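**Q** This is the structure I have questions about; it appears just below.
The values are calculated or read from the model by the stated rules, or taken from the named source; none is laboratory data. None of the values given here were measured: they were computed from a predicted structure. Quick reminder, even Gly has a Cβ in these numbers, built from the backbone with ideal geometry, and neighbours come from all protein chains shown.
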Amino acid sequence: MIHDFTYLKPGTLQEALSMLADYKDECKIICGGQSLLIVMRQGLVVTDHLIDIKGLKELSYITYHEKEGLKIGAATTHRAVEKSELIKQRYPVLAEVEKRLASIQVRNWGTIGGNLAHGDSSGDLAPALIALDARIKLSSLNGNRIMPLEEFYTGLFETALNNGELVVEVQVPPVRPRTATAYSKFNLIENDQGIVGVAAMIGVDSKGTCKDMRIVLSNAGVIPIRAKSAEKVLIGKKVNDALLEEAAEAAASDADPVSDIHASEEFRRHLIKVLTTRMVRQAWDQVNLA
Ligand SMILES: Cc1cc2nc3c(=O)[nH]c(=O)nc-3n(C[C@H](O)[C@H](O)[C@H](O)COP(=O)(O)OP(=O)(O)OC[C@H]3O[C@@H](n4cnc5c(N)ncnc54)[C@H](O)[C@@H]3O)c2cc1C
């Protein structure tokens with residue numbers, strides 16, 4: 001049963017920030033409600049005030065600038081990201097991630113800000129966005145701060161958000177030439193969270209040597225994990241089957257998965273190896289085709 005609360009509907013971002021400052025830890029933001037209402041129904045979150053930011057047009061946009069890259073407002077729905085022609089053309093991996101994220105119903109209501117702020121390590125967007133070197137913009141009455149998304153996650157369902165702060169925007173730098181990014185998850189139920197997921201971004205120089213590499217794991221620990229020792233295996237080299245195998249082993253060691261009702265720790269590590277191999281190869285193939 002959901003405990004009683006007062007429902008607040010700010011008309012502007014400024015009003016929402018004032019409400020957050022007034023009610024401090026006695027309030028919660030609600031946007032699409034797709035994750036929050038579940039944990040409220042389970043009694044895991046109890047709050048006196050719900051501040052509904054879903055209708056704030058100031059937070060719902062997708063823009064692109066050649067120098068600054070992509071900016072997505074926090075209240076932009078998953079469906080809007082999935083359907084955006086701009087994103088399909090410039091950041092196809094994000095459109096692909098969205099296609100397999102939850103059901104259309106959830107994607108129609110759930111938002112990118114809610115997905116990231118929820119801090120669920122099985123979320124699909126964070127690994128893909130971290131692979132793309134995204135940053136997250138947070139606002140409060142005291143001003144704005146922008147941090148790498150990679151640093152936003154601090155623990156199990158915990159983020160760097162302070163009391164009084166909102167996620168307002170996700171920023172993705174322009175895609176550099178000769179780079180490609182791929183993401184996939186292994187899930188038992190179609191369009192559900194993955195047992196694990198792997199994102200891989202590869203950047204090569206003019207000779208085809210791997211210059212940049214980011215491998216990011218989802219549901220392989222309490223936060224999205226950069227598989228840095230796997231990245232090191234590939235940087236400075238040309239990808240081949242033996243290196244891929246070595247990188248996949250390293251990614252499985254970088255992970256810190258649990259055993260639960262969905263999968264054992266061993267099975268998760270096995271899946272990480274399989275998906276790392278596939279995603280690095282997919283990104284490698286894309287970059288060589290371009
Ligand atoms: C059936 C189902 C299947 C799902 N499958 C997937 C999946 O396959 N992959 C995946 O990644 N996700 C999945 N999800 C999660 C889904 O993506 C999220 O529920 C949704 O994106 C959350 O967005 P929301 O706007 O509904 O957030 P809400 O539920 O409104 O909020 C979630 C949390 O974020 C906070 N919050 C919301 N917006 C902000 C903000 N702007 N600033 C600060 N805090 C904020 C809230 O206080 C709350 O703590 C699934 C969910 C459901 C219900």
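**Q** Any chance you could count how many residues in the range 122-137 are crowded, with 22+ Cβ neighbours inside 10 Å and within 14 Å of the ligand (Cβ to nearest atom)?
**A** Qualifying residue count for the region: 9.
**Q** Let me ask you something else. Which residue out of 230, 220, 199, 247 is in a strand (DSSP E or B) and crowded, with 16+ Cβ neighbours inside 10 Å?
**A** Checking each option against the conditions leaves just 199.
**Q** If we keep just the residues of the range 166-194 that are surrounded by fewer than 21 Cβ atoms within 10 Å (Cβ to Cβ) and among the charged types (D, E, K, R), which is farthest from the ligand (Cβ to nearest atom)?
**A** Among them, the one singled out is 178.
**Q** Turning to a different aspect of this structure: Conditions: (1) acidic (Asp, Glu); (2) surrounded by 12 or more Cβ atoms within 10 Å (Cβ to Cβ); (3) more than 11 Å from the ligand (Cβ to nearest atom). Residue 205 meets all but one. Number of the miss?
**A** (2) is the only condition that residue 205 fails.
**Q** Quick check: is even one residue across the range 106-119 in contact with an Asp or Glu (Cβ under 6 Å, 6 or more places away or on another chain), within 7 Å of the ligand (Cβ to nearest atom) and within 21 Å of residue 10 (Cα to Cα)?
**A** The answer is no, given that none of the residues of the range 106-119 is in contact with an Asp or Glu (Cβ under 6 Å, 6 or more places away or on another chain), within 7 Å of the ligand (Cβ to nearest atom) and within 21 Å of residue 10 (Cα to Cα).
**Q** Would you please name the residue that is nearest to the ligand (Cβ to nearest atom), looking only at residues in the range 153-165 that are touching a strand residue (DSSP E or B) at 6+ places or on another chain (Cβ under 8 Å) and part of a strand (DSSP E or B)? First the steps, then the outcome.
**A** Within the range 153-165, the first condition is being touching a strand residue (DSSP E or B) at 6+ places or on another chain (Cβ under 8 Å), and the residues that meet it are 153, 159-162, 164-165.
Among the residues that remain, those that are also part of a strand (DSSP E or B) are: 153, 159.
On the way: 153: 13, 159: 8 Å.
My answer is 159.
**Q** Could I ask something else about it? Out of (1) in a helix (DSSP H, G or I); (2) under 24 Å from residue 131 (Cα atoms); (3) within 14 Å of the ligand (Cβ to nearest atom), what's the single condition that is false for residue 89?
**A** Exception for residue 89: condition (3).
**Q** Inside the range 105-147, can you point out the residues that are without any contact (Cβ under 8 Å) to a residue 24 or more places away in the chain and either in a loop (DSSP other than H, G, I, E, B) or more than 23 Å from residue 184 (Cβ to Cβ) (or both)?
**A** Matches in the range 105-147: 142, 143, 145, 147.
**Q** In this structure, does residue 101 turn out to be modelled with pLDDT of 95 or more, of a type in the set (A, V, I, L, M) and part of a helix (DSSP H, G or I)? Even if it seems obvious, please write down each step before you answer.
**A** Values: modelled with pLDDT of 95 or more: yes; of a type in the set (A, V, I, L, M): yes; part of a helix (DSSP H, G or I): no.
Spelling it out, it is not the case that residue 101 is modelled with pLDDT of 95 or more, of a type in the set (A, V, I, L, M) and part of a helix (DSSP H, G or I).
**Q** Okay, next question. Kindly indicate whether any position in the range 26-48 is touching a Cys at 6+ places or on another chain (Cβ under 9 Å), surrounded by 19 or more Cβ atoms within 10 Å (Cβ to Cβ) and of a type in the set (Gly, Ala, Ser).
**A** Scanning the range 26-48 turns up no residue that is touching a Cys at 6+ places or on another chain (Cβ under 9 Å), surrounded by 19 or more Cβ atoms within 10 Å (Cβ to Cβ) and of a type in the set (Gly, Ala, Ser).
**Q** Oh, and also: Just name the residue that is nearest to the chain's Cα centre (by Cα) out of those in the range 86-135 that are among the aliphatic types (A, V, I, L, M) and over 21 Å from residue 198 (Cβ atoms).
**A** Here is the first cut: in the range 86-135, the ones among the aliphatic types (A, V, I, L, M) are 86-87, 93-95, 97, 101-102, 104, 106, 112, 116-117, 125-126, 128-132, 134.
Still in the list and also over 21 Å from residue 198 (Cβ atoms): 86, 104, 106, 117.
On the way: 86: 19, 104: 18, 106: 16, 117: 9 Å.
Filtering first and then ranking leaves 117.
**Q** Condition (residue is in a strand (DSSP E or B), within 14 Å of the ligand (Cβ to nearest atom) and of a type in the set (A, V, I, L, M, F, W, C)) applied to the range 32-45: is it met by at least one residue?
**A** No, that holds for no residue.
**Q** Moving on. Does residue 90 satisfy the condition of being in contact with an Asp or Glu (Cβ under 9 Å, 6 or more places away or on another chain), surrounded by fewer than 19 Cβ atoms within 10 Å (Cβ to Cβ) and of a type in the set (Lys, Arg)?
**A** Taking the combined requirement at face value, the residue does not satisfy it.
**Q** Restricting attention to the range 18-28, does a residue exist that is within 15 Å of the ligand (Cβ to nearest atom), outside any helix (DSSP H, G or I) and closer than 13 Å to residue 112 by Cα?
**A** No, every residue in the range 18-28 fails to be within 15 Å of the ligand (Cβ to nearest atom), outside any helix (DSSP H, G or I) and closer than 13 Å to residue 112 by Cα.
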